[in-house]
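A short write-up of the structure that comes next.
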Amino acid sequence: MSNPRNPNIVRQGSIYWLKNCEPLDDDNVKDRPVVVVDDPESLESGGPVIVVACSTKDRSSEPDKVKLPDRSTMPQTRSGLPKPCWAIPRWHFPVERERLSEYKGHLTGGVLKAVISAYLAHVFPR
């Protein structure tokens with residue numbers, strides 16, 4: 001639900017490259033795509049942003065991973081992702097807005113709902 005006319009406004013569902021993402025599951029420090037999952041009220045108040053990090057590896061051990069649309073399989077997508085990518089809900093953490101280095105695109109509809117639902121299931125387990 002990012003505003004394509006003004007990608008500098010951070011919105012729920014925006015996809016950015018995160019510079020120097022901390023190692024996740026023994027990966028190296030590297031730039032990686034992240035999805036903003038913070039609620040709109042928190043985003044308006046400023047400060048750090050809650051994101052879910054993504055992987056270009058189809059991690060079969062992640063039962064709640066969410067496949068994101070990418071240009072290689074869906075050229076009309078607005079995600080801005082060039083190749084297959086999965087949101088890994090347990091990889092959620094706050095980041096300073098300045099670290100969101102490059103706006104790629106955004107998610108909407110069922111895919112955004114799936115990412116947020118999976119993230120919330122990790123934050124508020126039943």
Looking only at the range 1-29, and only at residues there that are surrounded by 13 or more Cβ atoms within 10 Å (Cβ to Cβ) and assigned to a strand (DSSP E or B), the one that is modelled with the lowest pLDDT: K19
Report yes if some residue within the range 35-42 is of a type in the set (G, A, S) and either touching a Lys or Arg at 6+ places or on another chain (Cβ under 9 Å) or part of a loop (DSSP other than H, G, I, E, B) (or both); otherwise report no. no
The range 54-93 - residue that is more than 22 Å from D25 (Cβ to Cβ) and free of Cβ contacts under 8 Å to residues at least 40 places away in the same chain and, of those, surrounded by the fewest Cβ atoms within 10 Å (Cβ to Cβ): Q76
Cβ pairs under 9 Å, 6+ apart, first in the range 28-53 and more than 17 Å from A87 (Cα to Cα) and free of Cβ contacts under 8 Å to residues at least 24 places away in the same chain, second basic (K, R) and surrounded by fewer than 11 Cβ atoms within 10 Å (Cβ to Cβ): none
Going by the structure shown, is G13 in contact with a strand residue (DSSP E or B) (Cβ under 7 Å, 6 or more places away or on another chain) and on the phi > 0 side of the Ramachandran plot? yes
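The values are calculated or read from the model by the stated rules, or taken from the named source; none is laboratory data. Keep in mind that this is a model prediction, so the values were computed, not measured. Here Cβ is always computed from backbone atoms with ideal geometry, including for glycine, and neighbour counts include all displayed protein chains.
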